[in-house]
Amino acid sequence: MAFLLGLLFVIEVLVALLMVAVVMLQPPKDQSGGMGSAFGGGFGEEVFGGRTGNVLSRTTVVLGIILILNSLAIAYCMRGGLQSASLADRQVEAPAEVPAQ
């Protein structure tokens, strides 16, 4: 379980970094360039072709879905599976009384 949790954390960090990079490469609404223009203008168009906006937008959506699903998987693993989370359902024994010395 520890290996799986570690793998999920690595995936979480990689997807988050990829998502930051993809969002930074997207051109803004006013078409003035974005972070992609800082690396030589039209960077996204050279790499992805003329439909840069569509490719980067779809990539952002896919990475976002992966990030959410991975976060849910991490939460599931950290919780310990499908255990009852209600304190009323758990039977907690009172600590034994310690005699006064």
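The values are calculated or read from the model by the stated rules, or taken from the named source; none is laboratory data. For clarity, every value in this text was computed on a predicted model and none was experimentally measured. We place every Cβ from the backbone using ideal geometry, glycine too, and count neighbours over all the protein chains shown.
List of remarks:
- Cβ-Cβ contacts under 8 Å between residues 6 or more apart (or on different chains), taken from a first residue in segment 1-14 that is touching a residue at least 60 places away in the same chain (Cβ under 8 Å) and within 14 Å of SER71 (Cβ to Cβ) to a second residue that is of a type in the set (A, V, I, L, M, F, W, C) and surrounded by 13 or more Cβ atoms within 10 Å (Cβ to Cβ), are listed as LEU5/ILE74; LEU5/CYS77; LEU8/ALA73; LEU8/ILE74; LEU8/CYS77; PHE9/ILE74; GLU12/LEU67; GLU12/ILE74.
- Any hit, segment 79-90, residues being within 26 Å of LEU5 (Cβ to Cβ) and modelled with pLDDT of 70 or more: yes
- No other residue among ALA38, ALA16 is at pLDDT 95 or above, surrounded by fewer than 16 Cβ atoms within 10 Å (Cβ to Cβ), part of a helix (DSSP H, G or I) and of a type in the set (Gly, Ala, Ser) apart from ALA16.
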